[in-house]
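Okay, so here's the structure we're looking at.
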Amino acid sequence: MTIVEAPPQPPPSHDELEALIEEARRRARRRRLFIGGALVGAIAVAGLVVGLVLVLRGGTGTAVPRDFHLVHARGPVRHLQLETLLGQQPATLDLATGDAERTRVTQELWWNEGTGFVRTVYRQDGRLVADWVEQQCQGAGPSRFCIPPWPYVPYFQLGGVQPKPGATRHVARGSFRGHRVVWVEQLERSVGGKLHLSGDQVAFDAVTHQPVALRTIEHSGHFKGRTFRLNAITVLPDLPGKNVAFVVPKGGAGRNPPNSLVIVTGQRLPAARAALGRTPLWLGRSFHGQRLASVVVGREGQQSQNVSGHPLPPVGFVRFARFDYGSFAVWEFGRDRPSWYLHGPPAGKLVLSGGDVMFARDGIGVDIRPTGAKFQLDRATALALAKAMRPVDG
């Protein structure tokens, strides 16, 4: 058997690097929209592949899910945490009193350039909600190019607190949570080649030069000067690669969080009763004039694309039951949950986020999603829906 190796690829040219950096910035913006405080609403149409990071020495004992395998980190693993302070933030509602308070949203990230993997863990009020892995590198050998994940781009790629010509600019000084800070803004290049402020700013501690905050500001139009997103950032100590492994789909991880893949396997109430291993919940034959239109059951999994844009094998399938009431649908999961809904809010609480409401009762995870443009899932409606839910056999 003869094995023919491909000739080595030359390093990217200057123009190619510029294009890749621009792509990194576009992906960073998409990622912020995805996880910037309204993740649950966004992932109603984009499921997430489970992405656990295991500390192997003195490990957790967590079993590797089917269709996944361990990939050991190579070299140091960067580690940081974000807390959303301003943006499209969820609200936690008390079912008994109706009181609402801001949901504390945090994202913890691990980034390993050696493997190209970044893992994101999303928590609401300290409870694990979602966990996924993405691939940040493409190519091999001299042509390999890695795009640090947001929020690492401004910290590791753009030079930190010192302005980098053609990349960043000092825009302000101030204070943040007791830190004296320098705000540095990322620059973008327009189609005509002119540099302009992007609106993405990083606050660096004036003494330690560590990043402590990220924000997005509008520079034009009616909302000029308005801050749309604000995150506190904590840079945590690096982890040695020998102690860390990522749990990755056997077919590989994609460049972006994967899409949800739904396969319908049955319909009507008897199928719903059998699908979850326990009695499902419903709103009866109608709710406030919205009649029950259909009941379906099936499997929901996740499918991503590799760095070349080709589909990867679907993974992470779990059973669901769905009750469609015209302008909204009630999705339910039993013991096995999709990786975007690993744990819901505690008993007696609801989380209203991005137009969805999530809660758990009697071992059933419930996610109510609007399906019609005229249906507004506000605080009062969310509470009314949760209180009206009852067992199908009841």
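Odds and ends about this structure:
- Model label sites at ALA206 and THR227, defined 7 Å from Cα along the beta-carbon direction, differ in position by 1.7 nm.
- Relative intensity of segment 113-219 on a log10 scale, I(q)/I(0) at q = 0.11, 0.14, 0.16, 0.23 Å⁻¹, equals -0.46, -0.72, -0.89, -1.17, per a Debye sum over C-alpha point scatterers of equal strength in the absence of solvent.
- Highest-first arrangement of 290-296, 125-131, where packing means the average Cβ count within 10 Å: 125-131, 290-296
- Partners for LYS250 among aspartates and glutamates (Cα-Cα distance below 15 Å; same-chain residues under 8 apart left out): ASP67, GLU134
- In sequence order, calculated HN-Hα J values of segment 120-130 (Karplus, 6.51, -1.76, 1.60; Hz; x Gly/Pro): 10, 10, 10, 10, 10, 6, x, 9, 5, 10, 9
- Taking a straight Cα-Cα cut-off under 28 Å and skipping sequence neighbours fewer than 8 places away in the same chain, the lysines within cross-link reach of LYS387 are LYS349, LYS374.
- Burial ranking of peptide ranges 111-123, 309-321, 351-363, 209-221 (average Cβ count within 10 Å, highest at the top): 111-123, 351-363, 309-321, 209-221
- Relative contact order (%) - criterion: Cα under 8 Å, at least six apart; region: segment 254-391: 23 percent
- The simple spin-label model puts a point 7 Å past each Cα toward its Cβ; for ASN306 and SER327 those points are separated by 4.6 nm.
- Value in Å of the Kirkwood radius, where segment 254-391 supplies the Cα pairs that are averaged: 15.7 Å
Read the figures in this text as sums done on the coordinates, not as results from a lab. Remember, it's a predicted structure, so these values are computed and weren't measured experimentally. Please note: Cβ atoms are built from the backbone with ideal geometry, for glycine as well, and neighbour counts cover all protein chains shown.
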